[in-house]
Amino acid sequence: MSDAWLRMARTTIEHLPWEKVVSKYDRAETFFYIDPPYYGTAGYGVDFSEDQYEMLADMARNMKGKCIISINDHTYIRKLFKGLKKKTVKIEYIVGGSKAKRSTSTELILRNF
């Protein structure tokens, strides 16, 4: 994988719904980092329906630009994002800085390139 596309990177931050940002900026030279709410969780106080996960999977497979999506490792997500490259990573949570309140989980790093 060539890193040439990173050499002239420019960052734009928008305050728009995610699907509008993708539609507005989707070009061959665009890179999107997408971090949706974990599937099956409260969603960090943000509604994110199964329809939006389905739309995200479809857009990731069909966009002109490159994207990386980080999301929890769940059977539904693996099935929904089939066709994207996947890497499983172990993550560790420490609540309130206390090592006694440590938990581990896995996350998927998905990409379309």
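None of the figures in this text is laboratory data; all of them are computed from the coordinates on show. What you are looking at is a predicted structure, and each value in this text was computed from that prediction instead of being measured. All Cβ positions, glycine included, derive from the backbone under ideal geometry; neighbour counts span all protein chains shown.
In the chain, helices alone account for a calculated mean residue ellipticity at 222 nm of -6500 deg cm²/dmol, with every DSSP H run of four or more residues adding -39,500 (n - 2.57). Among [x] 8.6; [y] 6.9; [z] 7.7, only one was calculated for this model; which label is it, if the read-out is mean projected area of the Cα convex hull in nm²? The value matching this structure is [x]. Using DSSP to call loops (not H, G, I, E or B), can you name the trypsin sites (Lys or Arg not before Pro) in the range 13-65 whose Cβ has at most 15 other Cβ atoms within 10 angstrom? For trypsin sites (Lys or Arg not before Pro) across the range 13-65 that sit outside H, G, I, E and B with at most 15 neighbouring Cβ atoms in 10 Å, the list reads 27, 64.
Here's how it looks for residue 67: its modeled amide H is under 5 Å from those of 32, 112, 113, which are all 5 or more places away or on a different chain.
A simple rule links phi to the HN-Hα coupling: the Karplus curve 6.51 cos²θ - 1.76 cosθ + 1.60 with θ = phi - 60°, which for the range 102-111 gives 8, 9, 10, 7, 10, 10, 9, 10, 10, 8 Hz, with x for Gly and Pro. Structural descriptor for the range 4-111: relative contact order 25 percent, calculated from alpha carbon pairs under 8 angstrom and at least 6 residues apart. The string of couplings for the range 55-61 from the Karplus curve (6.51, -1.76, 1.60, θ = phi - 60°) is 5, 4, 4, 5, 5, 4, 6 Hz, one whole number per residue in order, with x for Gly and Pro.
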